[in-house]
Structure formats: structure tokens, C-alpha cells
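Take a look at the structure below.
The values are calculated or read from the model by the stated rules, or taken from the named source; none is laboratory data. Predicted, not measured: the structure shown is a model, and the values here were computed from it. Positions of Cβ are backbone-derived with ideal geometry, glycine not excepted, and every protein chain shown enters the neighbour counts.
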Amino acid sequence: MSLQGEIALSIENKLRVFSRLSKVPFVILRAFSIYGPFEESIGPAATVTGIFKRKYDLDAPITISGDGSNRRDFIHVDDIVTGIILAAQTSKSDNQLINLGSGTDFSIKQVAEMVSPYSKYDMTLKGYDLKVSLADTDRMKSILGLKLNHSFSESYPKIISNQLYSLQMDAKKWVSTVDMNLAPWILNSGYLKPKHSSEARVLSP
């Protein structure tokens, strides 16, 4: 187990002790590999999806540690937020440990291929500590009723080519026709795609 994993497990155990002593219910949400726009790409908090996005932006080659066979379960940050809200709204989640993931894994090589067909492999670099990380999503579905809005194989390539992709997806949830009439700048921002052909003229190319 990695140091981060040991720290997380220690916090979970302390939370259970606190709950028994205080009689305050808890819920533990274990998020798997989170991805989305504007994620960390430099430093210890950098994610593989963020690093690959930065390489794409810099038109730099992608270097994969090891053979790229390590597999990860990726879940969009928008779905993570929805899961947190649902967990807070139901008592069914009391004292439960729930995984937040997609239930599907991708190899690091597959992720790199979504970004560029040209990758370098460095077998001298240490690969990821876990060979496979895959979420059991049964509790996520039965307790939270969470249905994911984002498919990694579809969402990530769009994020690579356009950072506003997720903002477009999110904005559609709360921007109505009335809002667009009162604040047409929303369309010009690029956050929304036109719903009607008449709106296409105000969108930036």
C-alpha cells in the first residue's frame, strides 16, 4: 500500500472511532482516479490525465513509465460532486463505505493513445504501485443511485482538445432559454453550444 493509501486508511479508522464515541453517523467515499478540466499537471498532486493534457498543450512527447499496462478506473469530477451531494442527502449512506468509480478500467497506454499516437516508454522509471485499480460500484448504484454522466473514453479526448468541454456539459444543467435572452454573453463565452441554428451566429468559431 502506498503512503497516501496508509494515510487515508488511518483517517477512516479514526472516523469510525469518533462515530462510535459521538453517535454521529459517517459516510466514507473512496474516489478512484478523478479527471476533468484544469486538473493538476505538475508536482506531487499531478494526475496522469493532467500530465498527458499538459504534454498535448506543449506539443511534447508523452513518456510512459514502464510498459503502460497498469490499469486505472477514471471518474469525472462532475460525477464525483454529484456522488457527494447524493451521499449527503440520504440516510442510507450512514456508516457506509462507498466507492465512487466507473467500474471500468483503462491501461495507461490506452490513456496515452487518446492523447497522441506517439509515446515513449521508459523502462528505467518506476511504474505505478498498483497494477490494477478498479471500483466495485454496487453500493454506489444501490445506495446513492448514482448514474454517471461522463464516459471516460468519450469525455477525456474532448477535454484534451477543448478545456471548455466540461463547462459546456455543466452549464446546460442550469442555463435556460430565458437566461440566454437576458445574458447573451453566456453564448459568446463558449460555455454553451447552440441549441438552434439561429444561435450559431453568436457563438465564437
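If you go through the range 64-72 one residue at a time, do you hit one that is modelled with pLDDT of 95 or more, closer than 15 Å to Ile159 by Cβ and surrounded by 16 or more Cβ atoms within 10 Å (Cβ to Cβ)? No, every residue in the range 64-72 fails to be modelled with pLDDT of 95 or more, closer than 15 Å to Ile159 by Cβ and surrounded by 16 or more Cβ atoms within 10 Å (Cβ to Cβ). For Val111, the requirement of being more than 30 Å from Arg20 (Cβ to Cβ), in contact (Cβ under 8 Å) with a residue 24 or more places away in the chain, surrounded by fewer than 16 Cβ atoms within 10 Å (Cβ to Cβ) and in the same structural domain as Arg54 (by TED's automatic domain parsing) is not met. When the range 1-51 is filtered for residues that are basic (Lys, Arg) and either touching a Cys at 6+ places or on another chain (Cβ under 7 Å) or at positive phi (or both), only Lys23 remains.
Residue-by-condition table, conditions (1) under 30 Å from Ser93 (Cα atoms); (2) at pLDDT 55 or above:
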residue	(1), (2)
Ser116	no, yes
Leu125	no, yes
Val132	yes, yes
Asp136	yes, yes
Met140	yes, yes
His150	yes, yes
Val175	no, yes
Asn181	no, yes
Asn188	no, no
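Would the range 33-55 turn up any residue that is surrounded by 13 or more Cβ atoms within 10 Å (Cβ to Cβ), in contact with a Lys or Arg (Cβ under 7 Å, 6 or more places away or on another chain), outside any helix (DSSP H, G or I) and not hydroxyl-bearing (Ser, Thr, Tyr)?
Looking for residues that are surrounded by 13 or more Cβ atoms within 10 Å (Cβ to Cβ), in contact with a Lys or Arg (Cβ under 7 Å, 6 or more places away or on another chain), outside any helix (DSSP H, G or I) and not hydroxyl-bearing (Ser, Thr, Tyr), one finds none in the range 33-55, hence no.
Residues of the range 62-90 that are among the polar types (S, T, N, Q) and without any contact (Cβ under 8 Å) to a residue 40 or more places away in the chain: Gln89 alone.
Among the residues that make up the range 92-105, is at least one of them surrounded by 18 or more Cβ atoms within 10 Å (Cβ to Cβ), among the charged types (D, E, K, R) and not in a helix (DSSP H, G or I)? Scanning the range 92-105 turns up at least one residue that is surrounded by 18 or more Cβ atoms within 10 Å (Cβ to Cβ), among the charged types (D, E, K, R) and not in a helix (DSSP H, G or I).
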